[in-house]
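Everything on this sheet refers to the single structure shown next.
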């Protein structure tokens, strides 16, 4: 059994073509709950997931030409993905997913705090979209994100740095 809070090193590397299988499995892990509501065969589920993954990946890459698309690693083991678009007026988290066996260990909070620190230094907000029923919503609310839009399936969230002058 892995320790709750690993003492390893979190690193990031650019996505390569050879990461496709890992990224697909990671994507599929975020959609498992949906299939509890269907009577689809395993083949139907696989076909649906493959089409949705391909569409999502193409949409992310076409809509975010200047974004960084990274694999998150713990001591060289692939554990997640982080897609970030550093725009002039905000830091947009496009995708942030950890593999199920790595969730709940504080890794996501550490990465998120690092992104918030980066945005604070640049005096820009952090924006993202999260599915309404996603467990990640609690993570973002814990880190003081607020809802700025309520869409049918998603919330648009924003975190703003405190840029007021500080007392000396």
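Inside the range 108-133, residues that are closer than 24 Å to residue 57 by Cα, under 14 Å from the mean Cα position of the chain (by Cα) and touching a residue at least 60 places away in the same chain (Cβ under 8 Å) make up a count of 1.
When residue 72 is tested against (1) closer than 21 Å to residue 156 by Cβ; (2) modelled with pLDDT of 95 or more; (3) crowded, with 18+ Cβ neighbours inside 10 Å, just one condition goes unmet, and that condition is (1).
Taken as a whole, the condition of being surrounded by 14 or more Cβ atoms within 10 Å (Cβ to Cβ), in contact (Cβ under 8 Å) with a residue 24 or more places away in the chain and either within 23 Å of residue 135 (Cα to Cα) or in contact with a strand residue (DSSP E or B) (Cβ under 6 Å, 6 or more places away or on another chain) (or both) applies to residue 81. Against the list (1) modelled with pLDDT of 95 or more; (2) in contact with a helix residue (DSSP H, G or I) (Cβ under 8 Å, 6 or more places away or on another chain), the condition residue 29 fails is (1). Counting the residues of the range 95-149 that are assigned to a strand (DSSP E or B) and either surrounded by fewer than 17 Cβ atoms within 10 Å (Cβ to Cβ) or touching a helix residue (DSSP H, G or I) at 6+ places or on another chain (Cβ under 6 Å) (or both) gives 10.
The values are calculated or read from the model by the stated rules, or taken from the named source; none is laboratory data. No experiment lies behind these values; they were computed from the predicted model shown. Don't worry about glycine lacking a Cβ; one is built from the backbone with ideal geometry, like all the others, and counts go over all protein chains shown.
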